[in-house]
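Peer 1: I'd like to ask you about the structure that follows.
Quick note: the coordinates plus some simple rules give every number you see, no bench work behind them. Treat the numbers as computed from the prediction; the structure is a model and nothing was measured. Cβ placement follows ideal geometry from the backbone for every residue including glycine, while neighbour counts extend to all protein chains displayed.
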Amino acid sequence: MFYRSLMGERGRRDGIEFRLRPLDPASPLLGRLLASHDLMTAIRRTVALGCLLFAALSVIVGTSGALSAADPVALSVTGVLAGGSVAAAVWVLLSPAVLSGRGAIAFGVFADLGVTVVLGVIHQPTYAAIGTFALVLPGVFVTMHLARSWLVAHLVYALGVIVAMGVRVTGDEPPAAIVAGGILLGAVVVVTPWTLRQTFANVLGRAERAYHDPVTGVLNRWGLDAALAALQELPPNSPVSVTVVDVDRFKAVNDAHGHDAGDRVLRQVAEDLSSFAGQRNGIVARTGGEEFAVVVPDRIPDLAAIPSVAGGRDGDPSVTLSSGVVTTDMSAVLADGAAGVIAQADHLMYRSKRAGGGRATRSEPAAS
């Protein structure tokens, strides 16, 4: 859903619920930010190169008598892996979907199993045990493109492979060397992806906070601009409603009740607008002091559904809201970053204020 994919999960601040995006490297917003800087293309090319290198490794292992038994089974298995790796490289280059959702899950599972099978056909146990270092690479992929639960699953699997390879080495190497090597391998295979994820999540968290208003928790203007990129997924003639909402006589609230009460009222306004937008898969942003923008990928047939009164909770003052609504199509919204449509909605909002406030005024220009 458009709203959930952009706004993420609920949070709370001072007892008021608001929407925050999850700090997850697989988040759609991150993907768009990367794509906007051509980094996603570079990542896809890097992953494809890794697939081709793995294909070459599979061929070397399968045909080298020094590494494998070079029997028909080993040749067949490594041949299938090599072919699958080449196909995966083509898939990555041609389909961005492989870096998210089910495509990323399938790719991560293929990478883990592929490395394990190659290690399994290496008939020298010590070489196979050393080769478990290669499990770091699928771990990095999972770290960058899947949720933390998948990373945990990968790390548990990788530790299991390391233990299995350690058992194979038993009898060929001193027990102390096996234990020490297993600890070293486990540390590298586990700590590297986990540390990368924690660092990445921290950096992403700081970046995400730059897109949210610190008072209300909804998107700020930067966040709104970034979130509007999601509208590109809709057909060009899809209806889009842009609403500008302003709190009536908000200065009087601050003067009479103080700025802390004013901030609480703004959070209550943000909560009510988020509830309205959430039912319609839309997004909410605070674009000015007491001004908000609501973008809904549909028409709003009933203007009465737009909140016109907010606040009044826990002894705080209630306020009325003036709104201006413009319904157009997606191509018009994206034409100038929605600035033109927002300006029209802002003009209509002031018309609502001149009519006494606490109401919404609509205009539906012809689709371009």
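Peer 1: If you plug each phi of the stretch 210-221 into the Karplus form 6.51 cos²θ - 1.76 cosθ + 1.60 with θ = phi - 60°, what whole-Hz ³J(HN,Hα) values come out, in order, with x for Gly and Pro?
Peer 2: Calculated HN-Hα couplings, in order: 5, 9, 10, 6, x, 7, 9, x, 7, 4, 9, 5 Hz.
Peer 1: Run the quick spin-label model on I130 and A176: label points 7 Å from Cα toward the beta carbon, then report their separation in nm to one decimal.
Peer 2: A separation of 2.1 nm, rounded to one decimal place.
Peer 1: Once the piece of chain linking A256 and L184 is laid out straight, how much longer is it, given 0.36 nm per residue of separation minus the C-alpha distance between them? If you can, show how the numbers build up before the last one.
Peer 2: Working: separation 72, 0.36 × 72 = 25.92 nm, distance 6.51 nm.
Result: 19.4 nm gained on full extension.
Peer 1: Kindly put K251, K353 in sequence by how many other C-beta atoms sit within 10 Å of each C-beta, fewest to most.
Peer 2: Values: K251 11, K353 18.
Least to most surrounded, the residues fall as K251, K353.
Peer 1: Separate question: For the pair L94/V163, report the inter-label distance in nm, with labels modelled 7 Å from Cα in the Cβ direction.
Peer 2: 4.1 nm
Peer 1: Applying a 10 Å radius around every beta-carbon, put 155-165, 299-309, 216-226 in order of their mean neighbour count, most first.
Peer 2: Ranking, from highest mean packing down: 216-226, 155-165, 299-309.
Peer 1: Another question about this same structure. How far apart, in nm, are two points set 7 Å out from the Cα along the Cα-to-Cβ line at V109 and at R206?
Peer 2: Each label point is offset 7 Å from its Cα along the Cβ direction, giving 3.7 nm.
Peer 1: When you take every Cα atom in the stretch 28-209, what is the radius of gyration, and what is Dmax, the widest Cα pair distance, in Å?
Peer 2: Every Cα atom of the stretch 28-209 included, Rg and Dmax give 17.5, 57 Å.
Peer 1: For D248, enumerate residues with amide H under 5 Å from its amide H, sequence gap 5+ or separate chain, H modeled in the peptide plane.
Peer 2: Here the answer is T320, L321, S322, since their amide H atoms fall under 5 Å of that of D248.
Peer 1: Moving to a separate point now. What is the set of long-range amide H partners of H123 at a cut-off below 5 Å, with H atoms built 1.01 Å from backbone N?
Peer 2: S68, A69
Peer 1: Also, I was wondering about something else. Using θ = phi - 60° and the Karplus form 6.51 cos²θ - 1.76 cosθ + 1.60, what ³J(HN,Hα) does each residue of the stretch 140-147 get, whole Hz, x for Gly and Pro?
Peer 2: 3J(HN,Hα) across the stretch 140-147, in whole Hz: 5, 4, 4, 4, 7, 10, 10, 6.
Peer 1: How big is the Cα convex hull of the stretch 213-363 in projection, averaged over all directions, in nm²?
Peer 2: Numbers: hull surface 32.9 nm².
Computing the convex hull of the Cα atoms and averaging its projections yields 8.2 nm².
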